[in-house]
Amino acid sequence: MTSIVVYKGDLRTELTHLQSGSIVENDAPIDNHGKGERFSPTDSVATAVGSCMLTTMGIKANGMGINLEGSKVEITKIMKADPRRIGEVKAHLFFPENLHLDDKQKQILENTAHTCPVVKSLHPDLVLDIQFNW
């Protein structure tokens, strides 16, 4: 098993990662009867796109002798209706100003981000707007 999810009531769930014991809570969003006090499940999915991109880029960068520390991704999730789902995820990546890479290194890292496991697991109808700001 990877995790256990327990319904806590009031549209909140508690997610426990079994290997580490780390706990995260999710709430239903305000626009879907929730309190919006925590990440919603769809927020978590959209945010996982950015986390996966940076993680896999970090793995590749380490092997290339590149330090990506301080890089960040700004995520915007856009919902659609009928059926209610994530329609678009905008992932805008930003890198430290002191990071000096050539075009080949940038292309390798961008390809890595585009092929991270989360991105490859998303439905093909979901629109991904990925921008790299070197």
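Points to keep in mind about this one:
- Antiparallel DSSP beta bridges within the range 22-134, as percent of all bridges there, nearest 5: 55 percent
- Placed amide H near Ser40: partners under 5 Å, 5+ positions off or other chain: Asp27
- For the range 40-133, the Stokes-Einstein estimate of translational diffusion at 4 °C and a viscosity of 1.567 mPa s comes to 94 µm²/s, using the Kirkwood hydrodynamic radius over alpha-carbon pairs.
- For the chain, size of Cβ-based charge dipole, Lys and Arg +1, Asp and Glu -1, in debye: 240 debye
- Cα convex hull volume per residue for the range 1-90 (Å³): 138 Å³
- Residue-by-residue Karplus 3J(HN,Hα) for the range 102-108, coefficients 6.51, -1.76, 1.60, Hz, glycine and proline x: 7, 4, 5, 4, 4, 4, 4
Every number in this text was worked out from the coordinates using simple rules, so none of it is lab data. None of these values were measured; they are calculated from a predicted model. Note that we place each Cβ from the backbone using ideal geometry, even for glycine, and neighbour counts take in every protein chain shown.
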